[in-house]
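Structure first, commentary second.
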Amino acid sequence: GCCGVHVVRDTSKEQERVNLYGFSKQNLAAISTTPSLVLPSFCQKCGAWRPPRCHHCSQCNRCVLQMDHHCPWVNNCIGYNNYRTFFLTVFYLTIGCIYGVSLLVVPFYEQIQEQIAEHGWKLFYSNNTGFLDL
């Protein structure tokens, strides 16, 4: 794991949710007679019936209900059971970046003002260092 954290994938919730649809050959025949219903599909890789909007992830090697994408940041598929968690993670990362930039704007601006006051506005100094070589 990363930084001493060992993540264990618990797919039981998602498997329970997929099993709620209860697809079998008997009720699949009854379902197929209803024209307005979206038919389930069979996953060749998992060997199981899957509900609509369930996709197989080649990286996780399992079917994910309402799969959005496989996220390398969290090393998991973003789907029905963890979309909220993923959204909050991205939201808090964005807020943290904005906070970090807001903390660094004033010292960076003061450093630029000192460089301009000391050397004037030049792209390169006499020792061939750049303007942003603070």
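Take 85-96, 56-67 and order them by the average number of nearby Cβ atoms within 10 Å per residue, most first; the result is 56-67, 85-96.
The simple spin-label model puts a point 7 Å past each Cα toward its Cβ; for Thr89 and Gln59 those points are separated by 1.0 nm.
Throughout, read-outs are computed from the coordinates displayed, never taken from laboratory work. Since the model is a prediction, treat every value here as computed from it, not as a measurement. In this analysis, Cβ positions are derived from the backbone assuming ideal geometry, glycine residues included, and neighbour counts consider all displayed protein chains.
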